[in-house]
(Lines give C-alpha, C1' and ligand atoms only; values in the text may rest on other atoms or scores of the structure.)
Protein backbone atom coordinates (compact mmCIF):
# COMPACT_ATOMS: atom_id res chain seq x y z
CA UNK A 1 0.00 0.00 0.00
CA UNK A 2 1.26 3.44 -0.83
CA UNK A 3 1.52 6.09 1.85
CA UNK A 4 0.23 9.60 1.62
CA UNK A 5 2.77 12.19 2.73
CA UNK A 6 1.44 15.63 1.91
CA UNK A 7 1.06 16.84 5.49
CA UNK A 8 3.28 19.61 6.83
CA UNK A 9 6.72 17.99 7.30
CA UNK A 10 7.73 20.71 9.78
CA UNK A 11 4.77 20.06 12.09
CA UNK A 12 5.20 17.95 15.23
CA UNK A 13 1.45 17.20 15.16
CA UNK A 14 1.26 15.80 11.62
CA UNK A 15 1.76 12.10 10.98
CA UNK A 16 3.10 11.74 7.43
CA UNK A 17 2.45 8.03 7.42
CA UNK A 18 -1.34 8.20 7.21
CA UNK A 19 -2.94 6.26 4.39
CA UNK A 20 -5.53 3.65 3.56
CA UNK A 21 -6.91 2.07 6.66
CA UNK A 22 -4.39 3.36 9.16
CA UNK A 23 -6.98 5.04 11.40
CA UNK A 24 -4.67 7.77 12.67
CA UNK A 25 -5.62 11.37 13.31
CA UNK A 26 -4.27 12.30 9.89
CA UNK A 27 -7.04 10.34 8.24
CA UNK A 28 -9.73 12.91 8.94
CA UNK A 29 -11.66 15.37 6.85
CA UNK A 30 -9.86 18.17 8.70
CA UNK A 31 -6.46 16.77 7.73
CA UNK A 32 -7.57 16.23 4.15
CA UNK A 33 -8.61 19.87 3.94
CA UNK A 34 -5.06 20.84 4.94
CA UNK A 35 -3.55 19.10 1.91
CA UNK A 36 -2.32 21.70 -0.61
CA UNK A 37 -5.01 22.56 -3.12
CA UNK A 38 -2.95 23.80 -6.06
CA UNK A 39 -0.35 22.15 -8.22
CA UNK A 40 2.29 24.64 -7.15
CA UNK A 41 1.55 24.19 -3.47
CA UNK A 42 1.56 20.40 -3.78
CA UNK A 43 4.92 20.42 -5.51
CA UNK A 44 6.36 22.77 -2.90
CA UNK A 45 5.09 20.53 -0.11
CA UNK A 46 6.50 17.44 -1.86
CA UNK A 47 9.96 19.08 -2.15
CA UNK A 48 9.87 20.01 1.54
CA UNK A 49 8.79 16.48 2.50
CA UNK A 50 11.52 14.90 0.38
CA UNK A 51 14.17 17.07 2.03
CA UNK A 52 12.92 16.34 5.54
CA UNK A 53 12.76 12.61 4.77
CA UNK A 54 16.34 12.71 3.55
CA UNK A 55 17.30 13.82 7.06
CA UNK A 56 15.00 11.63 9.15
CA UNK A 57 14.44 8.71 6.76
CA UNK A 58 11.17 6.92 7.40
CA UNK A 59 11.25 7.42 11.17
CA UNK A 60 8.28 9.72 11.52
CA UNK A 61 8.41 9.40 15.30
CA UNK A 62 11.93 10.89 15.32
CA UNK A 63 10.89 13.67 12.98
CA UNK A 64 7.89 14.68 15.09
CA UNK A 65 9.90 14.53 18.32
CA UNK A 66 12.62 16.74 16.88
CA UNK A 67 10.12 19.24 15.46
CA UNK A 68 8.45 19.41 18.85
CA UNK A 69 11.70 20.13 20.67
CA UNK A 70 13.29 22.55 18.23
CA UNK A 71 10.29 24.01 16.44
CA UNK A 72 9.30 23.50 12.83
CA UNK A 73 10.06 27.06 11.87
CA UNK A 74 13.60 26.81 13.14
CA UNK A 75 14.18 23.54 11.31
CA UNK A 76 12.81 24.98 8.07
CA UNK A 77 15.09 28.00 8.39
CA UNK A 78 18.12 25.82 9.12
CA UNK A 79 17.47 23.60 6.10
CA UNK A 80 16.87 26.62 3.89
CA UNK A 81 20.31 27.95 4.83
CA UNK A 82 21.88 24.73 3.53
CA UNK A 83 19.65 24.18 0.50
CA UNK A 84 17.78 27.02 -1.20
CA UNK A 85 14.27 25.57 -1.07
CA UNK A 86 12.77 28.21 -3.33
CA UNK A 87 15.15 27.30 -6.14
CA UNK A 88 14.47 23.59 -5.68
CA UNK A 89 10.72 24.17 -5.82
CA UNK A 90 11.03 26.37 -8.91
CA UNK A 91 13.18 23.78 -10.67
CA UNK A 92 10.59 21.08 -10.13
CA UNK A 93 7.74 23.31 -11.27
CA UNK A 94 9.61 24.21 -14.45
CA UNK A 95 9.71 20.56 -15.42
CA UNK A 96 5.91 20.32 -15.44
CA UNK A 97 5.55 22.31 -18.67
CA UNK A 98 2.44 23.89 -20.16
CA UNK A 99 -0.05 21.35 -21.55
CA UNK A 100 -0.08 21.33 -25.36
CA UNK A 101 -3.80 20.59 -25.23
CA UNK A 102 -6.12 21.36 -22.34
CA UNK A 103 -9.54 20.22 -23.62
CA UNK A 104 -9.61 16.42 -23.39
CA UNK A 105 -12.15 13.63 -23.88
CA UNK A 106 -11.73 10.67 -21.54
CA UNK A 107 -13.98 7.64 -21.74
CA UNK A 108 -15.22 5.61 -18.81
CA UNK A 109 -17.48 2.64 -18.23
CA UNK A 110 -19.92 3.27 -15.38
CA UNK A 111 -18.41 1.08 -12.66
CA UNK A 112 -16.77 1.79 -9.31
CA UNK A 113 -13.40 0.69 -10.73
CA UNK A 114 -13.41 3.99 -12.66
CA UNK A 115 -13.72 6.00 -9.44
CA UNK A 116 -10.51 8.07 -9.79
CA UNK A 117 -11.16 8.93 -13.45
CA UNK A 118 -14.77 9.91 -12.71
CA UNK A 119 -14.27 11.79 -9.42
CA UNK A 120 -11.37 13.77 -10.84
CA UNK A 121 -13.87 15.83 -12.83
CA UNK A 122 -16.46 16.91 -10.20
CA UNK A 123 -13.86 17.08 -7.42
CA UNK A 124 -11.46 19.29 -9.38
CA UNK A 125 -8.40 17.11 -9.85
CA UNK A 126 -8.21 17.74 -13.61
CA UNK A 127 -8.59 21.50 -13.25
CA UNK A 128 -5.91 21.46 -10.53
CA UNK A 129 -3.45 20.49 -13.26
CA UNK A 130 -4.71 22.95 -15.85
CA UNK A 131 -6.94 20.55 -17.79
CA UNK A 132 -10.55 20.84 -18.95
CA UNK A 133 -11.67 17.23 -19.15
CA UNK A 134 -14.99 15.83 -20.31
CA UNK A 135 -15.49 12.35 -18.90
CA UNK A 136 -17.72 10.45 -21.30
CA UNK A 137 -19.89 7.55 -20.21
CA UNK A 138 -19.25 4.61 -22.53
CA UNK A 139 -21.56 1.66 -23.14
CA UNK A 140 -18.93 -1.05 -22.91
CA UNK A 141 -15.34 -2.04 -23.36
CA UNK A 142 -15.42 -2.68 -27.09
CA UNK A 143 -16.67 0.89 -27.57
CA UNK A 144 -13.98 2.26 -25.25
CA UNK A 145 -11.34 0.33 -27.18
CA UNK A 146 -12.57 1.42 -30.62
CA UNK A 147 -12.93 5.10 -29.67
CA UNK A 148 -9.45 5.03 -28.17
CA UNK A 149 -7.99 3.44 -31.30
CA UNK A 150 -9.70 6.03 -33.52
CA UNK A 151 -8.47 8.95 -31.42
CA UNK A 152 -11.97 10.06 -30.45
CA UNK A 153 -10.88 9.58 -26.85
CA UNK A 154 -7.61 11.17 -25.80
CA UNK A 155 -7.35 8.62 -23.00
CA UNK A 156 -9.67 6.13 -21.39
CA UNK A 157 -10.59 4.00 -18.45
CA UNK A 158 -9.62 0.45 -19.50
CA UNK A 159 -9.40 -3.02 -18.09
CA UNK A 160 -5.77 -3.84 -17.27
CA UNK A 161 -5.47 -6.56 -19.98
CA UNK A 162 -6.78 -4.24 -22.71
CA UNK A 163 -3.69 -2.11 -23.47
CA UNK A 164 -1.63 -5.32 -23.59
CA UNK A 165 -4.07 -6.86 -26.07
CA UNK A 166 -4.33 -3.67 -28.16
CA UNK A 167 -0.55 -3.34 -28.36
CA UNK A 168 -0.28 -6.97 -29.52
CA UNK A 169 -3.24 -6.74 -31.92
CA UNK A 170 -5.27 -9.33 -30.01
CA UNK A 171 -8.94 -8.74 -30.77
CA UNK A 172 -8.24 -5.51 -32.66
CA UNK A 173 -5.76 -3.83 -34.97
CA UNK A 174 -2.36 -3.51 -33.33
CA UNK A 175 -1.56 -0.07 -31.94
CA UNK A 176 0.91 0.69 -29.14
CA UNK A 177 -0.92 1.65 -25.96
CA UNK A 178 0.48 2.52 -22.56
CA UNK A 179 -0.85 2.02 -19.05
CA UNK A 180 0.98 4.34 -16.65
CA UNK A 181 -1.47 3.97 -13.77
CA UNK A 182 -3.74 1.35 -12.26
CA UNK A 183 -7.10 2.63 -11.07
CA UNK A 184 -8.31 0.04 -8.60
CA UNK A 185 -7.16 -3.15 -6.98
CA UNK A 186 -9.63 -5.82 -5.83
CA UNK A 187 -13.21 -4.59 -6.27
CA UNK A 188 -14.92 -7.52 -8.04
CA UNK A 189 -17.02 -10.47 -6.94
CA UNK A 190 -18.63 -13.68 -8.12
CA UNK A 191 -22.40 -13.38 -7.77
CA UNK A 192 -24.80 -16.32 -8.05
CA UNK A 193 -28.54 -16.13 -8.58
CA UNK A 194 -30.60 -16.90 -5.48
CA UNK A 195 -31.81 -20.21 -6.91
CA UNK A 196 -28.22 -21.45 -6.60
CA UNK A 197 -27.92 -21.03 -2.84
CA UNK A 198 -27.25 -24.75 -2.61
CA UNK A 199 -24.38 -24.61 -5.14
CA UNK A 200 -21.56 -23.00 -3.20
CA UNK A 201 -19.11 -25.67 -4.44
CA UNK A 202 -17.84 -24.68 -7.93
CA UNK A 203 -17.75 -28.35 -8.89
CA UNK A 204 -21.56 -28.07 -8.93
CA UNK A 205 -21.45 -25.39 -11.63
CA UNK A 206 -21.26 -27.67 -14.67
CA UNK A 207 -23.69 -26.47 -17.32
CA UNK A 208 -24.15 -23.03 -15.74
CA UNK A 209 -23.80 -19.74 -17.64
CA UNK A 210 -21.71 -16.85 -16.31
CA UNK A 211 -21.28 -13.28 -17.45
CA UNK A 212 -18.01 -11.35 -17.69
CA UNK A 213 -17.71 -7.77 -18.97
CA UNK A 214 -15.13 -8.39 -21.72
CA UNK A 215 -12.89 -11.12 -23.06
CA UNK A 216 -9.74 -9.13 -22.27
CA UNK A 217 -10.63 -8.53 -18.64
CA UNK A 218 -9.36 -9.60 -15.25
CA UNK A 219 -12.92 -10.79 -14.65
CA UNK A 220 -12.65 -13.34 -17.45
CA UNK A 221 -9.19 -14.50 -16.44
CA UNK A 222 -10.00 -14.68 -12.72
CA UNK A 223 -13.22 -16.64 -13.35
CA UNK A 224 -11.35 -19.04 -15.63
CA UNK A 225 -8.58 -19.44 -13.07
CA UNK A 226 -11.03 -20.02 -10.23
CA UNK A 227 -13.12 -22.71 -11.89
CA UNK A 228 -10.05 -24.43 -13.37
CA UNK A 229 -8.53 -24.67 -9.89
CA UNK A 230 -11.72 -26.51 -8.92
CA UNK A 231 -11.31 -28.97 -11.78
CA UNK A 232 -13.68 -27.41 -14.35
CA UNK A 233 -12.73 -26.51 -17.90
CA UNK A 234 -14.16 -23.00 -18.44
CA UNK A 235 -14.56 -23.63 -22.17
CA UNK A 236 -16.32 -26.98 -21.81
CA UNK A 237 -17.93 -27.32 -18.40
CA UNK A 238 -19.49 -23.84 -18.11
CA UNK A 239 -20.52 -21.15 -20.57
CA UNK A 240 -18.96 -17.70 -20.34
CA UNK A 241 -20.75 -14.80 -22.05
CA UNK A 242 -19.58 -11.23 -22.53
CA UNK A 243 -22.23 -8.95 -21.01
CA UNK A 244 -21.82 -5.16 -20.57
CA UNK A 245 -21.65 -4.40 -16.84
CA UNK A 246 -24.89 -2.34 -16.75
CA UNK A 247 -26.76 -5.35 -18.21
CA UNK A 248 -25.52 -7.94 -15.68
CA UNK A 249 -28.36 -7.54 -13.17
CA UNK A 250 -31.08 -7.51 -15.85
CA UNK A 251 -29.72 -10.74 -17.34
CA UNK A 252 -29.62 -12.32 -13.89
CA UNK A 253 -33.26 -11.30 -13.35
CA UNK A 254 -34.27 -12.70 -16.74
CA UNK A 255 -32.57 -16.04 -16.07
CA UNK A 256 -30.08 -15.59 -18.91
CA UNK A 257 -27.22 -15.88 -16.43
CA UNK A 258 -26.73 -18.16 -13.46
CA UNK A 259 -24.09 -15.83 -12.12
CA UNK A 260 -21.39 -13.40 -13.09
CA UNK A 261 -17.95 -12.16 -12.20
CA UNK A 262 -18.51 -8.48 -12.58
CA UNK A 263 -17.23 -5.11 -11.50
CA UNK A 264 -19.18 -3.23 -8.87
CA UNK A 265 -21.59 -1.67 -8.21
CA UNK A 266 -23.49 -4.44 -10.03
CA UNK A 267 -22.50 -7.19 -7.61
CA UNK A 268 -23.96 -5.15 -4.80
CA UNK A 269 -26.91 -4.06 -6.95
CA UNK A 270 -27.89 -7.73 -7.42
CA UNK A 271 -27.99 -8.09 -3.63
CA UNK A 272 -29.81 -4.75 -3.27
CA UNK A 273 -32.57 -5.95 -5.59
CA UNK A 274 -32.84 -9.37 -3.93
CA UNK A 275 -31.78 -11.27 -7.04
CA UNK A 276 -28.47 -12.82 -6.01
CA UNK A 277 -25.79 -13.25 -3.37
CA UNK A 278 -22.05 -12.68 -3.20
CA UNK A 279 -20.38 -16.05 -3.49
CA UNK A 280 -16.82 -14.74 -3.33
CA UNK A 281 -14.92 -11.47 -3.44
CA UNK A 282 -12.12 -11.59 -5.98
CA UNK A 283 -9.67 -10.40 -3.37
CA UNK A 284 -10.05 -13.91 -1.94
CA UNK A 285 -8.75 -15.29 -5.23
CA UNK A 286 -5.88 -12.83 -5.46
CA UNK A 287 -5.44 -10.21 -2.76
CA UNK A 288 -4.42 -6.92 -4.37
CA UNK A 289 -5.08 -7.97 -7.95
CA UNK A 290 -5.36 -5.16 -10.51
CA UNK A 291 -8.60 -4.54 -12.35
CA UNK A 292 -9.01 -1.25 -14.17
CA UNK A 293 -6.55 1.35 -15.30
CA UNK A 294 -5.87 4.65 -16.99
CA UNK A 295 -4.56 4.11 -20.52
CA UNK A 296 -3.72 6.09 -23.63
CA UNK A 297 -2.03 5.60 -26.95
CA UNK A 298 1.73 5.82 -27.01
CA UNK A 299 1.27 8.45 -29.73
CA UNK A 300 -0.71 10.69 -27.35
CA UNK A 301 2.06 10.57 -24.74
CA UNK A 302 4.77 11.18 -27.35
CA UNK A 303 3.11 14.03 -29.23
CA UNK A 304 1.74 15.82 -26.15
CA UNK A 305 4.14 15.04 -23.33
CA UNK A 306 3.11 17.96 -21.11
CA UNK A 307 -0.58 17.14 -21.48
CA UNK A 308 0.17 13.51 -20.77
CA UNK A 309 2.19 14.46 -17.69
CA UNK A 310 -0.53 16.73 -16.33
CA UNK A 311 -3.18 14.08 -16.92
CA UNK A 312 -1.11 11.37 -15.23
CA UNK A 313 -0.55 13.63 -12.23
CA UNK A 314 -4.29 14.28 -11.95
CA UNK A 315 -5.11 10.57 -12.16
CA UNK A 316 -2.49 9.47 -9.65
CA UNK A 317 -3.46 12.27 -7.29
CA UNK A 318 -7.15 11.29 -7.49
CA UNK A 319 -6.29 7.59 -7.07
CA UNK A 320 -4.31 8.31 -3.93
CA UNK A 321 -7.12 10.48 -2.58
CA UNK A 322 -9.55 7.60 -3.17
CA UNK A 323 -7.21 5.22 -1.32
CA UNK A 324 -8.02 6.98 1.97
CA UNK A 325 -11.13 5.40 3.58
CA UNK A 326 -11.98 8.75 5.16
CA UNK A 327 -12.87 10.06 1.70
CA UNK A 328 -15.04 7.19 0.49
CA UNK A 329 -18.46 8.56 1.55
CA UNK A 330 -17.70 11.91 -0.07
CA UNK A 331 -16.57 10.14 -3.24
CA UNK A 332 -19.70 7.94 -3.35
CA UNK A 333 -21.87 11.06 -3.42
CA UNK A 334 -19.72 12.63 -6.15
CA UNK A 335 -19.87 9.66 -8.54
CA UNK A 336 -23.48 8.51 -7.93
CA UNK A 337 -25.34 11.00 -10.23
CA UNK A 338 -26.96 9.99 -13.51
CA UNK A 339 -24.12 11.30 -15.70
CA UNK A 340 -21.67 9.11 -13.84
CA UNK A 341 -22.67 5.77 -12.22
CA UNK A 342 -26.42 6.42 -11.97
CA UNK A 343 -26.70 4.31 -8.83
CA UNK A 344 -28.17 4.80 -5.35
CA UNK A 345 -25.57 6.32 -3.02
CA UNK A 346 -26.02 3.51 -0.42
CA UNK A 347 -25.09 0.88 -3.03
CA UNK A 348 -21.87 2.70 -3.90
CA UNK A 349 -21.09 3.34 -0.24
CA UNK A 350 -21.37 -0.38 0.54
CA UNK A 351 -18.80 -1.09 -2.16
CA UNK A 352 -16.37 1.72 -1.32
CA UNK A 353 -16.52 1.39 2.47
CA UNK A 354 -16.52 -2.42 2.52
CA UNK A 355 -19.48 -2.61 4.91
CA UNK A 356 -22.09 -4.49 2.94
CA UNK A 357 -24.89 -7.02 2.89
CA UNK A 358 -23.84 -10.22 1.10
CA UNK A 359 -27.30 -11.56 0.26
CA UNK A 360 -26.79 -14.49 2.64
CA UNK A 361 -28.13 -12.69 5.70
CA UNK A 362 -24.77 -11.24 6.74
CA UNK A 363 -23.44 -7.70 6.99
CA UNK A 364 -19.75 -8.04 6.22
CA UNK A 365 -16.83 -5.81 7.08
CA UNK A 366 -14.20 -5.96 4.32
CA UNK A 367 -12.33 -2.62 4.26
CA UNK A 368 -10.23 -3.73 1.30
CA UNK A 369 -13.16 -5.01 -0.76
CA UNK A 370 -11.97 -2.36 -3.18
CA UNK A 371 -8.88 -0.21 -2.93
CA UNK A 372 -6.99 2.22 -5.09
CA UNK A 373 -3.28 2.01 -5.80
CA UNK A 374 -1.88 3.53 -9.02
CA UNK A 375 1.39 1.62 -9.31
CA UNK A 376 1.36 -0.61 -12.44
CA UNK A 377 3.36 -3.65 -11.40
CA UNK A 378 4.94 -5.09 -14.54
CA UNK A 379 4.83 -8.52 -12.91
CA UNK A 380 1.03 -8.23 -12.98
CA UNK A 381 1.24 -7.58 -16.70
CA UNK A 382 3.32 -10.73 -17.12
CA UNK A 383 0.71 -12.76 -15.22
CA UNK A 384 -2.07 -11.43 -17.45
CA UNK A 385 -0.08 -12.38 -20.53
CA UNK A 386 0.33 -15.95 -19.22
CA UNK A 387 -3.45 -16.22 -18.92
CA UNK A 388 -4.01 -14.79 -22.39
CA UNK A 389 -1.66 -17.48 -23.65
CA UNK A 390 -3.21 -20.18 -21.45
CA UNK A 391 -6.70 -19.67 -22.83
CA UNK A 392 -5.74 -19.18 -26.46
CA UNK A 393 -6.21 -15.43 -26.79
CA UNK A 394 -2.69 -15.06 -28.21
CA UNK A 395 -0.59 -17.50 -30.21
CA UNK A 396 3.09 -18.06 -30.76
CA UNK A 397 6.07 -17.07 -28.66
CA UNK A 398 5.60 -14.15 -26.27
CA UNK A 399 8.32 -11.93 -24.90
CA UNK A 400 6.43 -11.49 -21.64
CA UNK A 401 8.79 -9.07 -19.95
CA UNK A 402 9.32 -6.85 -22.99
CA UNK A 403 5.60 -6.42 -23.65
CA UNK A 404 4.79 -5.79 -19.99
CA UNK A 405 7.47 -3.12 -19.75
CA UNK A 406 6.40 -1.49 -23.01
CA UNK A 407 2.82 -1.11 -21.81
CA UNK A 408 2.93 -0.93 -17.99
CA UNK A 409 4.95 2.25 -17.42
CA UNK A 410 6.09 1.70 -13.86
CA UNK A 411 8.84 4.32 -14.15
CA UNK A 412 6.37 7.07 -15.12
CA UNK A 413 4.10 6.17 -12.22
CA UNK A 414 7.04 6.01 -9.81
CA UNK A 415 8.31 9.44 -10.86
CA UNK A 416 4.94 11.14 -10.47
CA UNK A 417 4.06 9.36 -7.22
CA UNK A 418 7.30 10.47 -5.60
CA UNK A 419 6.94 13.98 -7.02
CA UNK A 420 3.51 14.27 -5.37
CA UNK A 421 4.84 13.06 -2.04
CA UNK A 422 3.77 9.40 -2.16
CA UNK A 423 5.89 6.34 -1.61
CA UNK A 424 6.39 4.14 -4.66
CA UNK A 425 8.02 0.72 -5.15
CA UNK A 426 11.62 0.81 -6.36
CA UNK A 427 11.09 -2.17 -8.68
CA UNK A 428 8.41 -3.16 -11.15
CA UNK A 429 8.45 -6.89 -10.40
CA UNK A 430 7.47 -9.05 -7.45
CA UNK A 431 5.94 -12.44 -6.83
CA UNK A 432 2.17 -12.78 -6.48
CA UNK A 433 0.05 -15.44 -4.82
CA UNK A 434 -3.14 -16.54 -6.56
CA UNK A 435 -5.25 -19.13 -4.73
CA UNK A 436 -2.25 -20.31 -2.77
CA UNK A 437 -0.01 -20.72 -5.82
CA UNK A 438 2.98 -18.40 -6.16
CA UNK A 439 3.56 -16.72 -9.49
CA UNK A 440 7.21 -15.91 -10.22
CA UNK A 441 7.41 -13.40 -13.10
CA UNK A 442 10.95 -14.60 -13.83
CA UNK A 443 9.57 -17.93 -15.13
CA UNK A 444 6.28 -17.30 -16.96
CA UNK A 445 6.75 -20.29 -19.26
CA UNK A 446 7.27 -22.64 -16.33
CA UNK A 447 4.22 -21.20 -14.58
CA UNK A 448 2.11 -21.67 -17.69
CA UNK A 449 3.19 -25.28 -18.17
CA UNK A 450 2.23 -26.11 -14.58
CA UNK A 451 -1.51 -26.00 -15.32
CA UNK A 452 -3.35 -29.14 -16.38
CA UNK A 453 -6.31 -27.23 -17.84
CA UNK A 454 -5.74 -24.71 -20.63
CA UNK A 455 -5.60 -24.15 -24.39
CA UNK A 456 -2.09 -22.83 -24.97
CA UNK A 457 1.40 -23.78 -23.77
Practice item. Give, as residue ranges, the helices (runs of 4 or more DSSP H) completely inside segment 123-193 that count at least 3 residues that are closer than 30 Å to residue 398 by Cα. Key: 141-150, 162-168
Check your understanding: Going by the structure shown, is residue 328 part of a helix (DSSP H, G or I), in the same structural domain as residue 121 (by TED's automatic domain parsing) and touching a helix residue (DSSP H, G or I) at 6+ places or on another chain (Cβ under 8 Å)?
Key -> yes
Practice item. Please state which one of 349, 405 is farther than 29 Å from residue 166 by Cα, outside any strand (DSSP E or B), free of Cβ contacts under 8 Å to residues at least 40 places away in the same chain and touching a helix residue (DSSP H, G or I) at 6+ places or on another chain (Cβ under 9 Å). Key: 349
Check your understanding: Can you tell me which of 311, 385 is closer than 17 Å to residue 417 by Cα, part of a helix (DSSP H, G or I) and in the same structural domain as residue 122 (by TED's automatic domain parsing)?
Key -> 311
Practice item. Determine whether residue 397 is modelled with pLDDT under 95, surrounded by fewer than 18 Cβ atoms within 10 Å (Cβ to Cβ), closer than 27 Å to residue 166 by Cβ and over 19 Å from the mean Cα position of the chain (by Cα). Key: yes
**Study point:** Failed condition for residue 163, given (1) under 24 Å from residue 241 (Cα atoms); (2) in the same structural domain as residue 428 (by TED's automatic domain parsing); (3) surrounded by fewer than 17 Cβ atoms within 10 Å (Cβ to Cβ)
**Key:** (3)
Exercise for review: State whether one or more residues within segment 447-454 are in contact with a helix residue (DSSP H, G or I) (Cβ under 9 Å, 6 or more places away or on another chain), closer than 30 Å to residue 315 by Cβ, in contact (Cβ under 8 Å) with a residue 60 or more places away in the chain and not assigned by TED's automatic domain parsing to the domain that holds residue 262.
Suggested key: no
Exercise for review: Only residues that are under 16 Å from residue 322 (Cβ atoms) and buried (at least 20 other Cβ atoms within 10 Å of the Cβ): list them for segment 351-362, please.
Suggested key: 351, 352, 354
Point to revise | Among the residues listed as 142, 155, the single one being touching a strand residue (DSSP E or B) at 6+ places or on another chain (Cβ under 6 Å), outside the structural domain of residue 241 (by TED's automatic domain parsing) and touching a residue at least 24 places away in the same chain (Cβ under 8 Å) | key: 155
**Study point:** Any chance residue 419 is assigned by TED's automatic domain parsing to the domain that holds residue 159, surrounded by fewer than 13 Cβ atoms within 10 Å (Cβ to Cβ) and under 20 Å from the mean Cα position of the chain (by Cα)
**Key:** no
Review point. Which condition breaks for residue 260 when tested against (1) buried (at least 24 other Cβ atoms within 10 Å of the Cβ); (2) in the same structural domain as residue 436 (by TED's automatic domain parsing)?
Key: (2)
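The values are calculated or read from the model by the stated rules, or taken from the named source; none is laboratory data. All figures in this text were calculated on a predicted structure; none of them were measured in a lab. No Cβ is skipped: glycine too gets one built from the backbone with ideal geometry, and neighbour counts run over all protein chains shown.
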